[in-house]
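First comes the structure, then the notes that go with it.
The values are calculated or read from the model by the stated rules, or taken from the named source; none is laboratory data. Being a predicted model, the structure only gives us computed values, none of them experimental. Ideal geometry is used to build each Cβ from the backbone, glycine not excepted, and the neighbour counts take in all protein chains shown. Each accessible area value is taken on the protein alone, full model and side chains, heavy atoms only, with ligands, DNA and RNA left out. Shrake-Rupley method; radii C 1.70, N 1.55, O 1.52, S 1.80 Å.
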Amino acid sequence: MNAGYPTLSGETTVVPILGDPIAQVKSPDGVTRLLTARGANSVVVPMHVEPADLDRFVDGISLAHSVSGLIVTVPHKFSAYAHCATATDRAHFLGSANVLRRNPDGSWHGDQVDGLAFVRAAIAAGCVPEGAKALQVGAGGAGSAIALALLEAGVAELALHDADARRRDALVGRLRERFDDRVVLGSADPTGRTVVANATPMGMREGDPFPVAVEALDPSMFVGDVITKPAISPIVQAARATGCTTSTGGDMFAAVSELIVDFLLEGGSR
């Protein structure tokens, strides 16, 4: 092994990361290094696959015994779940997967660790989800995973807000089937909340509005964000200026990488 990478050989296994686009993805290097540090002879390779081609690509590459896992990013997480012969409970509930490993018979076992990564990063930064009254903005793919993870981490109440009312209401309905009245409709006003989560892309582009009313933030609140660029998003910057404890998209990204490696190696990726 050299500089954090395995020495490539016929025993090296390949873990493609699938996305459209893929050029912006930074994880192939970091996840390869994490795998190598854990003793795995595996390399993560980016693959640009368009949605119309995903099923054929996965079916074809699954025939290669040297492909020990798959990492999945936007927009393929829901489609990838359909290729899982087995999956974790959270992946089944969400209907999506962002990491797959081989079952003993060569089929795929999937998990969706985005939400767990957000919560782990938040806890590491000082957030106490148990008993908290949380507000989450964003009910898309990442938002669905984060909402589930926050509820499983013990938040007393989760208020959900999304500009798309239909998408928000659909997620609220599904979560209420499992968590009853702990899930409520929210707004962009964080007043009275102790945890605030941004699960939208708002803040990535200059001039984006804030996902919540930042003037209503107070120092008792924890604010977490999912976006990685800019490194310190506008809402995190505003929250820190107010005195809030925060976690960034970069913190979540680091936690996702660790969880992906844990999952891949649990299945014996070597």
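Summary table
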| item | result |
| --- | --- |
| Residue check for V261: under 16 Å from A149 (Cα atoms) and at pLDDT 95 or above | no |
| Residues that are open to solvent by 10 Å² or more (accessible area, probe 1.4 Å) and among the aliphatic types (A, V, I, L, M), drawn from region 150-170 | A153, A156, A163, A165, A170 |
| Selection count where residues are of a type outside the set (G, A, S), closer than 26 Å to T13 by Cα and part of a helix (DSSP H, G or I), scope region 98-122 | 1 |
| Residue count for region 130-142, restricted to those that are modelled with pLDDT of 95 or more and open to solvent by 10 Å² or more (accessible area, probe 1.4 Å) | 3 |
| Residue in region 100-107 that is touching an Asp or Glu at 6+ places or on another chain (Cβ under 9 Å) and closer than 16 Å to G19 by Cβ present | yes |
| Residue, surrounded by the most Cβ atoms within 10 Å (Cβ to Cβ), within region 188-206, restricted to residues that are more than 17 Å from the chain's Cα centre (by Cα) and β-branched (V, I, T) | V195 |
| Matching option when the condition is modelled with pLDDT of 95 or more and in a helix (DSSP H, G or I), among A188, A145, A197, A159 | A145 |
| Among residues of region 76-89, those that are open to solvent by 30 Å² or more (accessible area, probe 1.4 Å) and touching a residue at least 60 places away in the same chain (Cβ under 8 Å), counted | 2 |
| Pick from region 6-28, criterion surrounded by fewer than 14 Cβ atoms within 10 Å (Cβ to Cβ) and not small (G, A, S), ranking: farthest from D251 (Cα to Cα) | E11 |
| D225 vs. criteria open to solvent by less than 10 Å² (accessible area, probe 1.4 Å) and either touching an Asp or Glu at 6+ places or on another chain (Cβ under 7 Å) or acidic (D, E) (or both) | yes |
| Contacts under 9 angstrom Cβ, first residue in region 31-43 being at negative phi, partner of a type in the set (G, A, S) and open to solvent by 50 Å² or more (accessible area, probe 1.4 Å), 6 or more apart | R33/A3; N41/S9 |
| Residue, farthest from G140 (Cα to Cα), within region 63-74, restricted to residues that are in contact (Cβ under 8 Å) with a residue 60 or more places away in the chain and assigned to a loop (DSSP other than H, G, I, E, B) | S68 |
| Any hit, region 105-128, residues being over 25 Å from S247 (Cα atoms) and open to solvent by 50 Å² or more (accessible area, probe 1.4 Å) | yes |
| Condition met for G60 (under 21 Å from F78 (Cα atoms), without any contact (Cβ under 8 Å) to a residue 24 or more places away in the chain and open to solvent by less than 50 Å² (accessible area, probe 1.4 Å)) | yes |
| Top-ranked residue of region 228-270 - restricted to ones that are in a loop (DSSP other than H, G, I, E, B) and hydrophobic (A, V, I, L, M, F, W, C), ranked as least open to solvent (accessible area, probe 1.4 Å) | C244 |
